[in-house]
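Engineer: One structure follows; several queries about it will come next.
The values are calculated or read from the model by the stated rules, or taken from the named source; none is laboratory data. The structure displayed is predicted, hence computed values, not measured ones. Every residue, glycine among them, receives a Cβ derived from its backbone with ideal geometry; neighbour counts consider all protein chains shown. Note: accessible area is taken over every heavy atom of the protein model, side chains too, but ligands, DNA and RNA are not part of it. Shrake-Rupley method; radii C 1.70, N 1.55, O 1.52, S 1.80 Å.
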Amino acid sequence: MALIELDLTARPDQALSSPPPARQYRLAGLLLAALLLGALGGAAPIVPQLWREVGTVPVVADPQMPFEVVDGRLYTFDPVGETETTATAWTLDNEPRRMWTVPITTGEAGPDGLRVASGGTRVDHLGDVVLLSSGPESVVVDARTGAVRWSSPSRVVPLAGGRIGVVESERFRPGTVYDQNAGLPGPLYFSSTGVPHTEPPTRTDVRGVDLSTGRTVWTAPSSGSVNVVPAPGDAPAVLILSSTGIERRDGTTGEVVRQVPLERAGRPGPILGELVGGTMLVYYGFESGFVAAYAPDTLAPLWSRVLPVPVIDPPDCDDVLCSGSRSALDVLDPATGRPLFRAPKADLVRRPGYLLEVGPTSGLPIRLVDPVTGRGRVDLTGWQAEVPDSADRLILLRRVEEGQQSTVFGVVHPGRDEVQPLGRTDRAFFDCVADPRHVVCREDDALRIWAYRA
């Protein structure tokens with residue numbers, strides 16, 4: 001049974017001190033009958049209220065200040081000096097209200113006293129705790145009070161289920177910290193705490209930690225550097241790529257569930273492992289273009305081939321397996337490596353139920369296409385940007401109207417193949433984020449918040 005709330009803004013009237021006279025019921029009944037007859041005769045239907053303004057939150061007037069909205073809460077990150085950030089949580093239930101504030105360190109000092117911040121900001125709601133990541137550091141706080149449960153100098157990556165996270169820690173040969181004052185050329189290898197080195201690590205430990213307490217549950221040592229990828233699916237599991245092979249570990253116990261060696265055959269070693277379209281891809285060498293694919297659950301080899309690395313006009317493909325330059329771009333099936341379709345000259349981003357084509361020069365969304373056939377399904381002409389959605393369940397769009405006097409928002413539900421208008425603001429906005437219930441936009445020294453129903 002579906003329940004439909006027709007008005008976001010409606011508030012109950014004051015209770016009557018005594019029942020109204022019977023004649024008022026008779027008049028109301030006549031009016032209701034007239035409205036019903038009008039509706040049967042083709043009158044315009046009453047539509048739900050889809051958009052309303054919630055309020056504003058004061059922030060530092062800094063265009064670089066990040067902010068996120070997750071599960072009905074707004075999180076702001078205010079810089080305090082060069083290496084400190086203050087994270088503040090705001091509830092958006094009725095009107096914005098500050099809940100708590102917690103400090104976060106955004107870089108680690110090397111021997112020369114300098115710090116390197118990396119990784120951006122991220123917020124994860126995990127049951128009764130919130131994982132706040134800013135730069136290389138993570139802090140886990142009580143979701144209700146903001147009290148710090150524990151912290152890590154390295155970024156914590158949560159696994160499926162929200163109970164276990166993984167943390168990397170490397171060991172480097174002494175004397176390999178990069179001299180940032182000298183600025184000598186050459187490849188750099190960053191530690192998980194943001195410190196640059198001139199050589200790769202000699203060993204990396206991957207630890208599984210209890211997200212509520214920070215207690216180490218298991219440890220997986222590897223020689224050299226590794227790539228750690230949370231496995232897809234509902235069960236907590238992690239994929240670890242090292243120079244010798246790939247292993248899938250149970251996220252709860254750390255037990256090795258599957259393990260496969262890498263076929264080198266005279267090729268350079270692996271440089272990157274990532275999930276693309278639900279398939280584990282391993283890239284070899286910086287210029288070889290050789291790619292091998294594995295099933296993330298069984299680690300069974302699926303395919304391998306050389307994908308030429310374009311030097312001129314390389315495409316930007318986000319969670320999409322591409323081959324060729326923008327002028328001759330093939331979209332491949334990650335599970336088979338076979339070409340699916342020839343894409344137009346555009347960048348590609350995987351979105352729920354679609355691939356999004358983005359203008360390579362303008363950065364404007366062009367259209368949503370079928371991820372298998374490339375057939376156009378939603379024309380996005382006139383829309384100027386996609387609003388980042390922390391839940392990645394909807395496709396939210398915005399455009400500034402002519403004269404920059406207002407901003408219009410619309411949403412695409414997977415499978416509906418149309419843009420549903422949501423609402424309009426009274427000025428132009430260019431920096432916005434969203435979750436499935438709220439849109440938040442930057443306005444000088446404040447953030448304005450709207451609630452929407454799609």
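Engineer: Quick check on this structure: which one of 232, 221 is part of a loop (DSSP other than H, G, I, E, B) and touching a residue at least 12 places away in the same chain (Cβ under 8 Å)? Break it down into steps so the answer makes sense when it comes.
Structural biologist: Working: 221 fails: part of a loop (DSSP other than H, G, I, E, B).
On inspection, the qualifying residue turns out to be 232.
Engineer: Condition (residue is closer than 29 Å to residue 121 by Cβ and open to solvent by 40 Å² or more (accessible area, probe 1.4 Å)) applied to segment 408-418: is it met by at least one residue?
Structural biologist: Yes, segment 408-418 has at least one match.
Engineer: Follow-up question, since we're still on this one. Any residue at all in segment 369-382 that is open to solvent by less than 50 Å² (accessible area, probe 1.4 Å) and either over 30 Å from residue 338 (Cβ atoms) or modelled with pLDDT under 95 (or both)?
Structural biologist: Checked against the condition, which is being open to solvent by less than 50 Å² (accessible area, probe 1.4 Å) and either over 30 Å from residue 338 (Cβ atoms) or modelled with pLDDT under 95 (or both), segment 369-382 yields at least one hit.
Engineer: Please list, ordered by first then second residue, the pairs with beta carbon atoms under 6 Å, 6 or more apart or interchain, first in segment 142-161 and on the phi > 0 side of the Ramachandran plot, second assigned to a loop (DSSP other than H, G, I, E, B) and buried (at least 18 other Cβ atoms within 10 Å of the Cβ).
Structural biologist: Between residues of segment 142-161 that are on the phi > 0 side of the Ramachandran plot and residues that are assigned to a loop (DSSP other than H, G, I, E, B) and buried (at least 18 other Cβ atoms within 10 Å of the Cβ), the close pairs are 161/236.
Engineer: Given the criteria open to solvent by 20 Å² or more (accessible area, probe 1.4 Å) and in contact (Cβ under 8 Å) with a residue 24 or more places away in the chain, does residue 277 qualify?
Structural biologist: Criteria met by residue 277.
Engineer: Mind telling me which of the residues 402, 357 ends up being modelled with pLDDT of 95 or more and either under 27 Å from residue 66 (Cα atoms) or assigned to a loop (DSSP other than H, G, I, E, B) (or both)?
Structural biologist: 357
Engineer: From the set of residues in segment 314-331 that are in a strand (DSSP E or B) and out of contact with any Asp or Glu (no Cβ under 6 Å at 6 or more places or on another chain), which is most open to solvent (accessible area, probe 1.4 Å)? Let's see the steps before the verdict.
Structural biologist: Step one: list which residues in segment 314-331 are in a strand (DSSP E or B), which gives 317-318, 322-323, 329-331.
Within this subset, residues satisfying the condition of being out of contact with any Asp or Glu (no Cβ under 6 Å at 6 or more places or on another chain) are 317-318, 322, 329-331.
Details: 317: 35, 318: 80, 322: 25, 329: 0, 330: 39, 331: 3 Å².
Step by step, filter segment 314-331, then rank; the result is 318.
Engineer: Just to verify a result, which residue in segment 133-151, among those that are open to solvent by 10 Å² or more (accessible area, probe 1.4 Å) and outside any loop (DSSP other than H, G, I, E, B), is modelled with the lowest pLDDT?
Structural biologist: Filtering first and then ranking leaves 137.
Engineer: Now a separate question. Kindly evaluate residue 392 against the criterion of being modelled with pLDDT under 95 and touching a Pro at 6+ places or on another chain (Cβ under 8 Å).
Structural biologist: yes
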